[in-house]
Amino acid sequence: MAAENSAATWLDAFNKRWAHEDYPAIEVQPADLNHAEKDLKYTFPATYRGAVLAVGLPRPTAELWDAIDEQSDLPHLGDFLTPTEIVESIQGWTHSGYPADLVPFASDSRGNLLSFRRSDVSDAVYLWDHDLGTVQQIAPSFADILKAYCSLPSETA
């Protein structure tokens, strides 16, 4: 339960830090997650599920990309995917080599997908690079990737 609260805390901090106040986080309903899980035959990590149900899906601004360019090699986080977009992304990218063992939850500015691994009981975060066809772990947990983004310096921080 503490890990779930930590992820929700970091997602809320991410939303406050990197999203514009005029564009609130996209609300996620439990039924939407349940439907996606049924379609995917996959259960999202409790940390992810709890965080997106509590906070929603932030819509990052370009200020995040500027901070990444200057301070980090983190992926240019573009969008958190809605449950429907998660299912559609798998359907759309499978023919291009998206591994069957992954489930995306966000995309970067280059169309790569931040994902969970189906076979991993943890909530480690992986990046699938569609140009190179590679998969690399980029954070040991969903909370850790959010914390990394929240730790970036910004001009307004």
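The values are calculated or read from the model by the stated rules, or taken from the named source; none is laboratory data. Note that the structure is predicted; figures quoted are calculated from it, not measured. Cβ sites come from the backbone with ideal geometry, for glycine too, and all protein chains shown count toward neighbours. Only protein heavy atoms, including side chains, enter the accessible area calculation; ligands, DNA and RNA are left aside. Shrake-Rupley method; radii C 1.70, N 1.55, O 1.52, S 1.80 Å.
Values for this structure:
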| item | result |
| --- | --- |
| Within-15-Å neighbourhood charge of Ala31 [Cβ basis; K, R +1; D, E -1] | -2 |
| Phi-based couplings in Hz for the stretch 65-81 (Karplus 6.51, -1.76, 1.60; Gly and Pro marked x) | 4, 4, 5, 5, 4, 8, 10, 7, 10, 4, x, 6, 4, x, 9, 7, 8 |
| Leu81 long-range amide H proximity, modeled H, under 5 Å | Ala106, Ser107 |
| Probe 1.4 Å, accessible area per residue of the stretch 75-138, Å² | 45 Å² |
| Charge dipole (debye, nearest 20) of the chain; +1 at Cβ of Lys and Arg, -1 at Cβ of Asp and Glu | 500 debye |
| Most fluctuating residue given options Thr82, Thr134, Thr47, as computed from a GNM of the chain linking Cα atoms under 10 Å | Thr134 |
| With every protein chain in place, the stretch 1-146: carbon and sulfur % of accessible area (1.4 Å) | 49 percent |
| Most mobile listed residue (Trp65, Trp93, Trp18) in the chain, GNM with C-alpha springs under 10 Å | Trp93 |
| Asp32-Asp79 pseudo-label distance in nm [points 7 Å out on the Cα-to-Cβ vector] | 1.2 nm |
| Two-decimal ratio, the stretch 78-157, of alpha-carbon radius of gyration to 2.2 N^0.38 Å | 1.12 |
| Calculated over the stretch 21-127: convex hull of Cα atoms, volume per residue (Å³) | 109 Å³ |
